[in-house]
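Below is one structure, written out as structure tokens, with a few remarks after it.
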Amino acid sequence: MNFTPVTWSSATKISQSGGCVQDSMDQLVVLSLGNGDLHRGFTTVTAQVWESGNPHPMKFTGSLPAAPELADLTKTWQLLYNALYQRLAWLVRAHTQEDSFEIQEAAVTQVSEVEFSDLCQRLADSLNAWLNSESFRNIDQQLRTQLEPSEEIRVIVETNDSQLRRIPWHLWNFFAHYRKAEVALSALEYQRPRQPIVQPLKPKVRILAILGNSKGIDLSKDRAFLEQLSAQAETQFLVEPQRRELSDALQQDWDILFFAGHSSTQLDCPNAPIDQLKGLLQLNQTEQLTLEQLKYGLQKAIDRGLKLAIFNSCDGLGLARELVAWHIPQVIVMREPVPDVVAHEFLQYFLTAFAGGQSLYSSVREARERLQGLEGDFPCATWLPVLCQNPAEAPVSWQSMCRQASVPADALPIPGSPIPFQLASSPLGTAPLASTPPASPPSARPPLAKRQRRLGMARLVFSASLLVTAGLLAVRALGLLQPLELQAFDQLMQLRPDEGLDPRVLVVRVTEADFQQLGEYPLSDHTLLRLLKRLEQGQPSLIGLDLYRDIPQGEGYLDLMRYLRQQERMVGICKVASNTDPGYRSPPGMPRSRLGFSDVLVDPDQVVRRHLLTLDPSPTSACTTRYALSAQLAFHYLEAKGISAQFRPDQSLQVGNVVFKRLQVPTGGYQKFDAQGYQVLLNYRVHDASAELVPRVTVQDVLQGRINPDAIKDRIVLIGVDVAGMDRHGTPLKADPEANREVAGVLVQAQMVSHILTAVLDGRPMLWVWPQWGEALWIWGWSMVGGVLIWRWRSLAYPGLAASLVVLGGLCFYLLKQGGWVPLVPPALALTLTSGSIVVYRLHQHKS
């Protein structure tokens with residue numbers, strides 16, 4: 001499918017009553033970064049330049065190298081930014097449900113403005129060094145050659161990488177040389193929204209203004225600024241509306257959607273893909289919702305002509321992502337939490353310029369730059385506003401929103417926009433297969449001798465069992481049964497008897513109560529050092545620090561780093577970088593022999609069932625240690641007892657006399673999974689049918705001396721956060737019902753440590769599986785059982801089937817107690833399907 005780009009001259013200059021002015025841009029630059037991220041680089045970068053009056057763009061190509069330092073600086077800037085404004089008492093830190101999403105999970109509580117200013121400069125220098133790299137220089141030089149500083153320029157950066165969208169692109173020195181240029185963000189794929197054939201002629205711009213939850217902030221000024229536009233705009237205010245009220249209002253014709261109140265962006269990990277970002281709005285004191293929950297109303301508003309959305313609220317990139325996916329022309333958001341004063345000043349400056357006739361881009365730049373006067377009190381205020389643009393739509397102006405559309409939008413080129421649709425390709429559909437004609441009924445059969453009938457039925461049972469087994473094995477190989485098999489595994493794990501607590505491991509939990517009593521969030525370096533020294537007095541065997549300490553956390557950072565380097569009992573953590581996560585660096589100066597990665601393997605249902613022992617990270621990763629935290633702790637503990645870990649010639653890991661058999665694809669119920677690193681099945685230790693397997697104490701218990709030193713002596717002590725919503729993982733075991741089987745990550749690490757120690761020191765069996773051929777025979781055998789039951793014991797068939805299923809479950813449970821994970825779901829299906837097929841065959845035979 002081809003789309004003809006429209007000419008720049010097609011951006012007609014329409015004059016309405018009231019003095020509409022020209023609203024076209026002179027030059028447009030579309031910088032497409034393609035796929036990649038700051039840790040892998042961008043192999044193909046293109047820049048297209050569209051000039052006024054020319055229907056054909058110029059195109060330049062280049063690439064950008066990996067820039068892990070820029071990624072780290074951006075992440076650090078976010079942490080320190082939140083910490084600085086927490087100290088300035090404007091960031092909401094309430095621990096109530098309605099405000100909890102304003103709190104950053106990895107916030108820093110102590111930071112000086114001097115350090116923050118230095119970090120900002122380093123971030124700007126790193127960004128410009130990256131964009132000045134040799135592989136990108138061709139694009140940079142061509143842009144500076146072709147563009148005129150005297151003309152208005154809009155620069156659209158196309159990327160789906162969430163971290164790149166948080167980068168302050170206005171710091172690129174290109175914008176210092178081109179004073180009439182402004183940057184906007186775009187996704188890699190976009191298309192025009194469908195517009196109604198005829199729109200009513202509107203003398204005023206129509207604005208729907210939503211004033212959401214105002215707890216802790218002043219929304220009266222936002223309302224006042226909008227009310228000042230009464231001569232030029234018709235504004236409907238919804239003050240702390242209910243969801244239904246807002247949904248009904250979206251059904252009308254609007255030009256601008258405005259929101260002020262509390263909002264945030266949720267994401268699974270710091271470098272999540274753009275399609276995983278979700279925006280949250282607080283409509284009122286009790287109700288918060290995502291834009292997905294307003295999807296149909298918002299799509300209707302866009303289809304009816306909504307051109308611009310303004311979210312004068314905190315952390316709106318997730319909101320922009322969802323609206324852009326629904327093809328809204330433009331969105332203005334704040335990339336981070338925003339102070340009240342900054343939000344008010346930006347809105348006033350922007351509305352004055354935009355309603356006064358300036359273009360959208362120049363209005364955003366003017367309003368953003370005028371915030372510099374506030375940066376003495378609110379550093380980086382000019383970094384906050386972000387414009388997101390749909391390149392398939394013309395940049396909106398105040399005057400253009402009063403226009404009359406007389407023909408379908410699809411039949412005309414888009415005024416002012418040379419960019420066509422940009423769609424993902426999709427394969428052609430496959431024509432449906434013709435249905436197979438029904439088989440002819442079997443001809444009448446002569447009476448058979450009893451022996452012949454038995455032989456015929458035996459053949460039928462044999463054939464049916466083979467067909468059913470082959471079909472199930474094929475379905476199983478595709479991974480379609482894997483979710484059911486994993487759920488069955490969990491149920492059997494929960495039925496195992498209580499094994500008691502592991503006396504070799506102690507967990508020190510950092511709880512919400514600790515944060516409140518200490519007045520710190522997160523645990524400061526000074527407090528952590530006090531905690532470690534108290535634990536050292538109890539003479540533990542090892543201390544595993546399941547807390548990231550790659551950057552300072554309050555006061556005492558140097559003292560803590562010195563202590564960690566000197567104490568041989570300390571084992572720290574880091575996180576290996578991945579495609580979606582930049583990772584976390586190790587505490588500076590700690591040797592690799594006392595470092596372990598914190599990464600765990602999570603199944604699609606968010607449950608940890610596999611134990612990752614070793615991994616070969618990339619040399620450029622933030623974390624380069626080869627062993628997991630649990631493995632480092634267990635191996636050091638065993639080494640002190642004269643038991644060493646080594647790889648045998650066949651590359652299998654042997655610890656003492658125990659061989660940890662590496663998982664291969666497929667293994668047991670796992671038919672499809674990522675087999676990276678050295679993985680084994682995690683044999684959870686059961687206590688009270690929950691995830692608790694070791695004694696647990698809190699930070700305050702240790703600091704206030706409420707635990708006996710003997711409870712620490714010679715144990716492996718793990719320190720980690722145990723707070724709802726932070727570092728939680730699902731387990732096969734029953735946890736708190738309100739936590740949905742999720743437990744703190746430090747408890748999962750403790751399970752892993754105990755898993756190794758009990759296998760080596762106590763002879764506790766490792767989890768094992770049969771080879772594939774053995775499992776196939778097991779499934780086929782139960783398929784035969786189902787067929788034989790129907791054939792030989794017709795009168796007791798159904799009770800027999802029920803009893804067989806009970807026996808099957810009992811055998812699987814018994815074997816699991818011995819360490820054997822044998823299939824449960826496939827043989828149960830085989831037994832049922834084979835017996836059912838025999839019943840259907842007999843009924844068909846009886847009717848014929």
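The values are calculated or read from the model by the stated rules, or taken from the named source; none is laboratory data. All figures in this text were calculated on a predicted structure; none of them were measured in a lab. Cβ sites come from the backbone with ideal geometry, for glycine too, and all protein chains shown count toward neighbours. Calculation scope for accessible area: heavy atoms of the full protein, side chains included, ligands and nucleic acids excluded. Shrake-Rupley method; radii C 1.70, N 1.55, O 1.52, S 1.80 Å.
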(Q) Whether any residue in the range 638-646 is modelled with pLDDT under 95 and over 24 Å from P540 (Cβ atoms) is what I want to check. (A) yes
**Q.** Hits in the range 562-600 - residues which are exposed (fewer than 15 other Cβ atoms within 10 Å of the Cβ) and part of a helix (DSSP H, G or I)
**A.** R562, Q566, R592, S593
**Q.** Subset of the range 286-326 [in a loop (DSSP other than H, G, I, E, B) and open to solvent by less than 10 Å² (accessible area, probe 1.4 Å)]
**A.** G305, L306, G316
Q | The listed residue being basic (K, R), outside any helix (DSSP H, G or I) and modelled with pLDDT of 80 or more, out of R154, R165, R194 | A | R154
Q: Could you tell me whether V680 is more than 28 Å from R585 (Cβ to Cβ) and not in a loop (DSSP other than H, G, I, E, B)?
A: no
Q: Select, from D502, D525, the only residue that is open to solvent by less than 10 Å² (accessible area, probe 1.4 Å) and in contact with a Phe, Trp or Tyr (Cβ under 8 Å, 6 or more places away or on another chain).
A: D525
(Q) Condition check: in a helix (DSSP H, G or I) and either of a type in the set (S, T, Y) or at pLDDT below 85 (or both). Does L805 satisfy that? (A) no
Q: Could you tell me whether the range 622-636 includes any residue that is in a loop (DSSP other than H, G, I, E, B), among the aromatic types (F, W, Y) and buried (at least 17 other Cβ atoms within 10 Å of the Cβ)?
A: no
Q: Considering only residues that are assigned to a loop (DSSP other than H, G, I, E, B) and hydrophobic (A, V, I, L, M, F, W, C), look in the range 466-504 and name the one that is nearest to G820 (Cα to Cα).
A: L481
Q) Can you pull out the strands (runs of 3 or more DSSP E) entirely within the range 204-275 that have at least 1 residues that are at pLDDT below 90? A) 256-261, 263-266
Q. Looking at the range 332-343, which of its residues are open to solvent by less than 10 Å² (accessible area, probe 1.4 Å) and either part of a helix (DSSP H, G or I) or of a type in the set (S, T, Y) (or both)?
A. V342, A343
Q) Could we say that F354 is under 30 Å from L84 (Cα atoms) and in a helix (DSSP H, G or I) here? A) no
Q: Find all pairs meeting these conditions: Cβ atoms under 9 angstrom apart; at least six residues apart or on different chains; first residue within the range 801-823 and open to solvent by 50 Å² or more (accessible area, probe 1.4 Å); second residue of a type in the set (G, A, S).
A: L805/A828; Y814/G820
Q: Those residues that are part of a helix (DSSP H, G or I), of a type outside the set (F, W, Y) and buried (at least 19 other Cβ atoms within 10 Å of the Cβ), I need them from the range 535-560; list them, please.
A: L535, L560
Q: Tell me, yes or no, whether the range 748-766 has at least one residue that is open to solvent by 20 Å² or more (accessible area, probe 1.4 Å), on the phi > 0 side of the Ramachandran plot and either of a type in the set (V, I, T) or at pLDDT below 95 (or both).
A: yes
Q | Counted residues, the range 579-629 - those being over 16 Å from the mean Cα position of the chain (by Cα), farther than 18 Å from A675 by Cβ and charged (D, E, K, R) | A | 3
Q: Output the number of the condition that A83 fails; it satisfies all remaining conditions of (1) part of a helix (DSSP H, G or I); (2) over 22 Å from V576 (Cα atoms); (3) open to solvent by 20 Å² or more (accessible area, probe 1.4 Å).
A: (3)
Q) Could we say that L280 is assigned to a strand (DSSP E or B), farther than 19 Å from R194 by Cβ and either at pLDDT below 85 or touching a Gly at 6+ places or on another chain (Cβ under 7 Å) (or both) here? A) yes
Q | Complete set of residues in the range 683-705 that are at pLDDT 90 or above and either in a loop (DSSP other than H, G, I, E, B) or within 22 Å of L484 (Cα to Cα) (or both) | A | N683, Y684, Q704
Q | Hits in the range 29-68 (condition: among the aliphatic types (A, V, I, L, M), open to solvent by less than 20 Å² (accessible area, probe 1.4 Å) and over 14 Å from L131 (Cα atoms)) | A | V29, V30, V49
Q | Residue list for the range 356-379, filter: touching a residue at least 60 places away in the same chain (Cβ under 8 Å), in contact with a Phe, Trp or Tyr (Cβ under 7 Å, 6 or more places away or on another chain) and buried (at least 23 other Cβ atoms within 10 Å of the Cβ) | A | V364
Q.
Is it the case, given these coordinates, that W780 is touching a helix residue (DSSP H, G or I) at 6+ places or on another chain (Cβ under 7 Å), under 30 Å from V839 (Cβ atoms) and open to solvent by 40 Å² or more (accessible area, probe 1.4 Å)?
A. yes
Q: Spot the failing condition for M493; the list is (1) open to solvent by 20 Å² or more (accessible area, probe 1.4 Å); (2) more than 27 Å from the chain's Cα centre (by Cα), and only one is missed.
A: (1)
Q.
Being without any contact (Cβ under 8 Å) to a residue 40 or more places away in the chain and open to solvent by 50 Å² or more (accessible area, probe 1.4 Å) is the filter here; which residues of the range 450-466 pass it?
A. K450, R451, Q452, R453, R454, L455, R459, S463
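Condition check ((1) closer than 25 Å to D161 by Cα; (2) of a type in the set (A, V, I, L, M, F, W, C)) across all residues:
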| position | (1), (2) |
| --- | --- |
| R562 | no, no |
| V576 | yes, yes |
| V608 | no, yes |
| H611 | no, no |
| Q632 | no, no |
| G642 | no, no |
| P666 | no, no |
| Q671 | no, no |
| D674 | yes, no |
Q. When both residues are 6+ apart or on different chains and their Cβ atoms are under 7 Å apart, which pairs have a first residue that lies in the range 493-517 and is more than 25 Å from S630 (Cα to Cα), and a second that is modelled with pLDDT under 90 and of a type outside the set (A, V, I, L, M)?
A. F515/Y521
